[in-house]
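All remarks here apply to the structure that follows.
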Amino acid sequence: MIYLHVPFCGSFCTYCDFYSEICRSTQAFNEYADAVIAEIRDRQEELLMNMSAHDAVNTLYIGGGTPSVLPLDVLSRIVEAVASSGAIRQAQRPLRSVPGSQQSDCCLPESAYPVAEPLPPVTGSVEETVPTPPFDEFTVEVNPEDIVEKGHEYVHGLLALGVNRISMGIQSFDDGILRWMNRRHDASRAFEAFRILRECGVRNISIDLIFGLSQLTDEVWKDTIEKALKLDPEHISAYQLSIEEGSALAKMVADERYVEASDEQCRHQYDVLCQTLRQAGYHHYEISNFAKPGFEAVHNSAYWRRVPYIGLGPGAHSLSGGVRSWNSQELPRRITDNNPCKATYSNQNNLPRNAQLGNLKVNPDTNPDMCSSGHRDGGLATYSRDSEILSPEDIRVERIMLSLRTDKGLEATELYSLADRAVIHSLLSEGALEKQDGSIRIPESRLFTSDEIIRELI
């Protein structure tokens, strides 16, 4: 189970606090790929151990940032490095088969919307249109604007790499809200991008939506859900807007230029979401995630079970047993002959948001091995790594928090071993928890207040 973080974006979204940099530099892209490939070599043993673990999941997830800003040749180099490391195995199961009869009625919005013609029917199963991937699930996050700009050839290139799942950040179908979010696309480009993905044979598409904005009316939210359903994606992730420290939105709140939506508004919009998607046949398998049966995200589901995973790239996290590690949030920098660990970078537009030029965390004094390794790899200083040993209490809390995010919950015997029995019984009696098939979970009607319920348990 591997996560690859791509730190590049075409713009900074208002609400985002993920490590990313606005960049279109071919040099920066290739330096990033060089650093990731060096990291793959350095961590080969760890990657092999992760693959061979008894609960290993054979998935690759490329997220960001915006992975779709990367050229295909850069992505290809990285995927080939992962494959050559021996850290993956041939997919143990075929791609999900979706008969044409199930997709023939998939269409884009009606004539009132920017794109209106129905998609061409699928004449065979997915196996006939998409190559067998090296991973059971291989997801790439994309921006609609990139898909439209790069077109069918780019999508076919992704499929040739083995990608079998696309996660597209649409967020809204309201152009005013998209502008406020500082998204690069508008609604018409979202429709067009979805069409391109379908025409190229992508049959596992997830789209992201956001609710809980103070300016998002119930009418616009219902319209957004309706338009999403007209696209007929296999998976929908819908997140409540949150104020993240370091984001542009946090500064807007601090400057009193934005007032958060009320709890009542957010709760109502969440309830509308759950009810509408349930009626449309989607399985609500995690607080923010809905899928057609059989299209639940394998990779993300493994996170919630605390399956070990490897994170590659700047800012990426890893989990192995009771140890969590993470990479520094900085792009690799070319290093000079005179000072092998001094950062040098000519394009000032590529400077990290959260670091100053020359603020590398690797230097000859603190990490000579990493520094020399970077120099051998063509004069590239890679990012540093840090780690922490999770205490039994940390693991207990994580197990409760992550498991109760899902519709499966926790086996009753395990929850009783992790939390106070009297508290569990109290929550069961008031309907905040429910028993189902030997497990205890949070019922859908109470998921909106899951934080408060989990807080009582831990």
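Quick note: the coordinates plus some simple rules give every number you see, no bench work behind them. Bear in mind that the values here come from a model prediction, so they are computed numbers and not experimental data. FYI the Cβ positions are ideal-geometry reconstructions off the backbone, even for glycines, and counts take in every protein chain you see.
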Extension reserve of the Asp394-Val259 stretch, reckoned as 0.36 nm per residue once the Cα distance is removed: 45.2 nm
Please find the FRET efficiency linking Asp271 to Asp55, where r is the Cβ-Cβ separation and R0 is fixed at 25 Å, and quote it to the nearest 0.05. 0.10
Using a 10 Å cut-off around each Cβ, can you sort Ile147, Ile196 from fewest to most neighbouring Cβ atoms? Ile196, Ile147
Contour excess over end-to-end distance, with Cα ends at Arg41 and Leu72 and 0.36 nm allotted per residue: 9.0 nm
The stretch 423-455: GluC sites (Glu not before Pro) in DSSP loop, at most 12 other beta carbons within 10 Å: Glu430
To make sure I understand the rule: partners must be aspartates and glutamates, Cα under 18 Å from the Cα of Lys251, and not fewer than 8 residues away in the same chain. Which ones qualify? Asp17, Glu260
How long is the gain from Ser214 to Tyr239 if the chain were fully straight, where each residue apart is worth 0.36 nm and the alpha carbon distance is subtracted? 7.6 nm
How long is the stretch 396-457 along each principal axis, judged by its Cα atoms, biggest number first, in Å? 25, 23, 22
Exposure proxy check on Arg421, Arg306, Arg184: fewest-to-most Cβ neighbours within 10 Å is Arg421, Arg306, Arg184
For the pairs Lys150/Lys222; Lys230/Lys408; Lys408/Lys435; Lys150/Lys227; Lys230/Lys292, flag any whose C-alpha to C-alpha distance is greater than 22 Å. Lys150/Lys222; Lys230/Lys408; Lys150/Lys227
